[in-house]
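Participant: I'd like to ask some things about the structure below.
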Amino acid sequence: MLMSPQQIEQFERDGFLVIDRILTPEQVQRGRDAMARIYGGQITHDRRPEAFRGPVQQWGPDRVKHYVHARFLDGDFWDIATSERPARMSAELLRTPRVSLTEDQLLEKPGGGLALAMHQDYSYWGFSDIPQMATCWVALTDVTPDMGPIRFIKGSHRWPLAPAPSNFAGGSDDEMMEAADKVRPPGAALEFVDAVVPAGGGSIHHAMTLHGSKANRTKTTRHAISLHYAADECRCTGPRQCWQPFMWEGIEKGDRVANRWMPVTYDAAK
């Protein structure tokens, strides 16, 4: 096992785990290079069906950037997103025999980039009947406390499901608690932990854990990726309406959340 019993216990208690090493230095560099290509509009290996192909969305230089499902556009990033180590770590923490990769994101927060509001990933993942899911966030640059590292509220995975925040990525540090305040149980402690990690390190958090990030108060851009996994026990709540509907090919209500577009990236039986 990659995760110790103590780490699994901590994940179940706190709703997240900060990890010093998830990707290798070589994977970090390949991820940085792939991110630069994609944000530059370059597609090296387009896996999308012909009818759904199009240019990469462009952002201004001072904007917080994110791109969803980048694995479909770049061969190197596909290899990183589907690599076994982060998937196995997530599976072991979820105590599930296998996980499928439901989503990836490229995340770039420039110097001066604004706060990301506290939220629960499961608020956006209604396609699964249960929140037995995890996000693996990996830094592609060394992250310092003043760069707006990902921030967690300890134990918040046991709180009720929160509504999506009204200002997800453009608010102030003072506004970032909106969704958390709506579901915080009376008397519940607020204990924050920031994932201050070297490049290649990161965190894994439960889909119900409240997390966000403060503004980047440095002049250095923070690069990261996130990989989102569904446990073997997750079942689809029904065909999805989304901007890339091909992803739900062959998945009907009650089926596992896995297919060729959302592949199983770790299976303990293999």
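Participant: What is the magnitude of the charge dipole of the chain about its Cα centre, with +1 placed on the Cβ of each Lys and Arg, -1 on the Cβ of each Asp and Glu, and no other charges, expressed in debye to the nearest 20?
Facilitator: For the chain, the charge dipole is close to 180 debye.
Participant: Could you name the lysines in cross-link range of Lys65, using Cα to Cα under 22 Å and dropping any fewer than eight places away on the same chain?
Facilitator: Once the sequence-local lysines are set aside, what remains near Lys65 is Lys109, Lys214, Lys219.
Participant: Can you give me the distance in nm between label points at Val183 and Val196, each placed 7 Å from the Cα along the Cα-to-Cβ direction?
Facilitator: It is 2.8 nm.
Participant: On to the next question. Can you list the residues, at least 5 places off or on another chain, whose amide H is less than 5 Å from the amide H of Gly200, using H built in the peptide plane?
Facilitator: Ala139, Leu140, Thr141
Participant: Give the Cα extents of the range 176-270 along the principal axes, in whole Å, largest first.
Facilitator: Extents along the principal axes: 44, 37, 32 Å.
Participant: Quick check: from the Cα gyration tensor, does the range 133-174 come out rounded (a/c under 1.5), prolate or oblate?
Facilitator: Taking the square roots of the gyration eigenvalues as a ≥ b ≥ c, the range 133-174 is oblate.
Participant: Can you tell me the relative contact order of the chain? Whole percent, Cα pairs under 8 Å, sequence separation 6 or more.
Facilitator: 30 percent
Participant: Given the Cα-Cα distance of Asp46 and Asp267 and 0.36 nm per residue of separation, how much length would full extension add, in nm?
Facilitator: 77.0 nm
Participant: Right, next: With θ taken as phi - 60° and the coefficients 6.51, -1.76 and 1.60, list the Karplus ³J(HN,Hα) couplings across the range 145-160 in order, rounded to whole Hz; mark glycine and proline as x.
Facilitator: In residue order, the calculated couplings are x, 8, 8, x, x, 4, 10, 10, 9, 4, x, 6, 5, 9, 7, x Hz.
Participant: Here is a follow-up. By the scheme Lys and Arg +1, Asp and Glu -1, what is the net charge of all other residues having a beta-carbon under 15 Å from that of Asp173?
Facilitator: The answer is -2.
Participant: Also, I was wondering about something else. Within the range 241-266, whose backbone N sits under 14 Å from a point 7 Å along Cα→Cβ of Tyr124?
Facilitator: Residues 243-244 fall inside that zone.
Participant: Only four residue types carry charge here, +1 at the Cβ of Lys and Arg and -1 at the Cβ of Asp and Glu. Report the dipole size of the range 21-176 about the Cα centre in Debye, rounded to the nearest 20.
Facilitator: Dipole of the range 21-176, to the nearest 20 debye: 340 debye.
Participant: How would the range 64-198 be classified by its alpha-carbon gyration tensor: rounded, prolate or oblate, with rounded meaning a/c under 1.5 and the a/b versus b/c comparison settling the rest?
Facilitator: oblate
Participant: Also: Take every Cα pair under 8 Å in the range 21-104 that's 6+ residues apart, average their separations, divide by the length, and report that relative contact order as a whole percent. It would help to have the intermediate numbers written out before the result.
Facilitator: Values: 68 pairs, mean separation 26.3, N = 84.
With pairs under 8 Å counted, the relative contact order is 31 percent.
Participant: Quick one: if the Förster radius is 51 Å, what FRET efficiency do Arg85 and Arg53 give, using the C-beta to C-beta distance and rounding to 0.05?
Facilitator: According to the calculation, E is roughly 0.95.
Participant: Ok, one more. Please report the relative contact order for the range 48-152, taking Cα pairs under 8 Å with a sequence separation of at least 6, and give it as a percent rounded to a whole number.
Facilitator: After rounding, I find 30 percent.
Participant: What does the helix-only formula give at 222 nm for the chain: each DSSP H stretch with n ≥ 4 adding -39500 (n - 2.57), the total divided by the residues, and the result rounded to the nearest 500 deg cm²/dmol?
Facilitator: -5500 deg cm²/dmol
Participant: From the backbone phi of the range 107-122, what are the Karplus-calculated ³J(HN,Hα) couplings (6.51 cos²θ - 1.76 cosθ + 1.60, θ = phi - 60°) in whole Hz, Gly and Pro given as x?
Facilitator: 10, 10, 10, x, x, x, x, 7, 5, 10, 5, 4, 7, 10, 4, 5
Participant: At what distance in nm do the modelled label points of Leu2 and Asp33 sit from each other, each positioned 7 Å from its Cα along Cα→Cβ?
Facilitator: Each label point is offset 7 Å from its Cα along the Cβ direction, giving 2.2 nm.
Participant: Shifting gears a bit: In the range 1-90, with Lys and Arg counted as +1 and Asp and Glu as -1 at Cβ, which of these residues, Pro49, Ala81, Leu17, has the Cα nearest the positive end of the dipole, that is, farthest along it?
Facilitator: Pro49
Participant: Through the Karplus equation 6.51 cos²θ - 1.76 cosθ + 1.60, θ set to phi - 60°, convert the phi angles of the range 3-13 into ³J(HN,Hα) values in whole Hz; use x for Gly and Pro.
Facilitator: Whole-Hz 3J(HN,Hα) from phi for the range 3-13: 9, 7, x, 5, 5, 5, 4, 5, 4, 5, 6.
Participant: Determine the shape class of the chain: with a ≥ b ≥ c the square roots of the Cα gyration tensor eigenvalues, call it rounded for a/c under 1.5, and otherwise prolate if a/b is greater than b/c, oblate otherwise.
Facilitator: rounded
All of the numbers you see were taken from the coordinates with simple rules; none came from a lab. Everything numeric in this text was worked out from a predicted model, so none of it was measured. Here the Cβ is made from the backbone with ideal geometry for all residues, glycine too, and neighbour counts use every protein chain on show.
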